[in-house]
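Beneath this line is the structure, given in structure tokens, with notes to follow.
Readers should treat all values here as calculations from the given coordinates under stated rules, not as data from a laboratory. None of the values given here were measured: they were computed from a predicted structure. Every residue, glycine among them, receives a Cβ derived from its backbone with ideal geometry; neighbour counts consider all protein chains shown.
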Amino acid sequence: MNIIVCMKRTPDTATKIAVKDGQIDPACLDTWIINPYDEYAIEEALQLRDRAGEGKITLVSIGPPEAQETIRKGLAMGCDEAVHLVDDAFAGLDPLGAAKVLAAAIQKVGDFDLVYTGWKGVDEDHGQTGIYLAEFLGLPHVSMVVKIDDIGDGEARVEREVEGGHELVRTSLPAVFTAQKGENEPRYPTLRGIMGAKKKPFQTWSAADVGLDPAGLQPVQEILSVTLPPQRQAGRIVEGETVEEKARELARLLREEAKVI
């Protein structure tokens, strides 16, 4: 089974965000990781390949030259090869543009049974790229996948998260799946994996390499400004000797000060 995993480099989720001139201050973004939902996609792909006993997992990632280090972490987890999409034209892509670039690269890679990626990036929380990608590839798409129950003979049965529960879906292959947090925790790269990642096939492609005109990648979405959430006001302790007194005081505060009753 040949699987392509689309992986994004995102700031560490522990990063303390700072805002400068209405935008996130780049100076605070000093630690980068594999997007956590993409890690779940990588883990599921690894388990599928291992159960099949054969196949190949190809990472495809858009990012600046510095993203190479993060991509190699995916190789260290056990993926077989990687394609790094790096070009000045790829800076500032919105989800539609990113999907165009990924689709062009995937079509160039070819020979795949499944495309897997996280359902959203934890940096901008769009949750749109995987859906656009399926449309550009002309493939069926299942979002929020938490488990693959069965796969083979050109189709798959997967479990996806929906509001209030899970839903079983059967689809033909190839298809595009976007991963939600599931039963399997992403593995840590071993020392052997880290050393081996340096020798695995690693290609770097530009817009020209995948046949794209930079003029067609102009974003249709624009982030006008970013603000931090307002600081929470300190809580208040309701005074009173008994539960009844505290309840009366709380009711008074809600009526006279908060004016919600």
**Request:** Starting from region 12-93, pick out the trypsin sites (Lys or Arg not before Pro) whose DSSP state is loop and whose Cβ has at most 12 other Cβ atoms within 10 Å.
**Result:** Lys16
**Message:** For the ranges 168-178, 150-160, 185-195, what's the packing order if you count other beta-carbon atoms within 10 Å of each residue, average per peptide, and put the highest first?
**Reply:** 168-178, 150-160, 185-195
**Prompt:** Say R0 is 51 Å: what FRET efficiency, to the nearest 0.05, do Ala208 and Cys28 get from their beta-carbon distance?
**Reply:** 0.95
**Request:** Using θ = phi - 60° and the Karplus relation 6.51 cos²θ - 1.76 cosθ + 1.60, list the HN-Hα couplings for region 6-12 in order, rounded to whole Hz, with x at every Gly or Pro.
**Result:** 8, 10, 10, 8, 10, x, 3
**Prompt:** Build a GNM of the chain with springs between Cα atoms under 10 Å: which of Gln23, Gln107, Gln233 gets the top mean-square fluctuation?
**Reply:** Gln233
**Prompt:** Does anyone have the angle between helix 243-252 and the longest principal axis of the chain? Alpha-carbon axes, 0 to 90°, nearest 10?
**Reply:** 80 degrees
**Asked** Relative to the present Cα-Cα distance, how much length would full extension add between Asp150 and Gln221 at 0.36 nm per residue of separation?
**Response** 21.8 nm
**Request:** Pick out, from Val146, Met77, Ala258, the residue whose Cα sits farthest towards the positive end of the charge dipole of the chain, with +1 on the Cβ of Lys and Arg and -1 on the Cβ of Asp and Glu.
**Result:** Met77
**Asked** Helix 36-52: angle to the longest alpha-carbon principal axis of the chain, degrees 0 to 90, nearest 10?
**Response** 40 degrees
